[in-house]
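The numbers here are math on the coordinates, done by the rules we state, and not lab data. In this text the structure is predicted, and so the values were computed from the model without any measurement. Glycine gets a Cβ as well: all are built from the backbone with ideal geometry, and neighbour counts include every protein chain shown.
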Amino acid sequence: MKEKETKVTKYYNVLFPIWMLMWYPLLFIILIPANYLMDTFVLSFSLTDEQMRKPFRRKYTWKICLMGFLADFIGSAFLFAIIMLTDGNYDLVNAICYDPFNNILAFLIIMVAMLLSAVFIYFGDLWILKKAGLDDTQAKRSALFLAILTAPYLFLFPTKLIYQ
């Protein structure tokens with residue numbers, strides 16, 4: 001006699017990692033002012049000429065802020081693509097989404113996403129700052145400060161802390 005095959009269906013909770021929330025449009029009400037303030041502070045800190053800080057910030061911080069958002073979206077899209085490509089590796093996906101410190105591969109993937117975003121921040125801001133008229137040394141210095149201090153460190157936040 002043939003044994004009856006049973007079909008097993010698994011259901012998983014649909015909880016998003018914290019870095020996926022940046023794709024949620026209403027969150028921009030909070031994110032835009034917060035990023036703008038952070039970019040203003042870092043740009044001000046990185047500029048050496050005291051007299052040009054305020055007028056320069058007023059004119060170019062919004063462009064730098066938008067470049068930062070674009071870079072963060074690139075990093076989160078990279079993470080999302082990795083999650084979609086790791087079909088069947090639930091442990092890796094779970095670690096990327098909920099606890100990157102639980103799996104070394106997940107931690108390294110997130111570090112690559114952060115580095116990817118930081119590189120985009122650096123070159124995008126460098127382009128903006130050079131176009132704004134800063135000399136090469138000052139533009140590189142400011143772009144480096146912005147890339148390091150405004151990289152998306154939130155990617156490393158263990159989302160499991162929210163859901164527990």
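Data for the structure
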read-out	value
Under Karplus coefficients 6.51, -1.76 and 1.60, residue-wise ³J(HN,Hα) of segment 89-97 in Hz, glycine/proline x	8, 4, 4, 5, 4, 4, 5, 5, 7
Separation of the residue 136 and residue 94 label points, Cα + 7 Å toward Cβ, nm	5.2
Other-chain or far-sequence residues with amide H under 5 Å of residue 151's (modelled H)	none
Segment 33-164: Lys pairs at Cα distance under 30 angstrom, eight or more positions apart or on different chains	12
Packing-based order for 122-130, 74-82, using average beta carbon neighbours within 10 Å, highest first	122-130, 74-82
Under Karplus coefficients 6.51, -1.76 and 1.60, residue-wise ³J(HN,Hα) of segment 29-42 in Hz, glycine/proline x	4, 8, 5, 4, x, 5, 5, 4, 5, 5, 5, 4, 4, 5
Integer Hz, Karplus 6.51/-1.76/1.60 couplings in order for segment 68-85, x for Gly and Pro	x, 4, 4, 5, 5, 5, 5, x, 6, 5, 4, 4, 4, 4, 4, 4, 5, 7
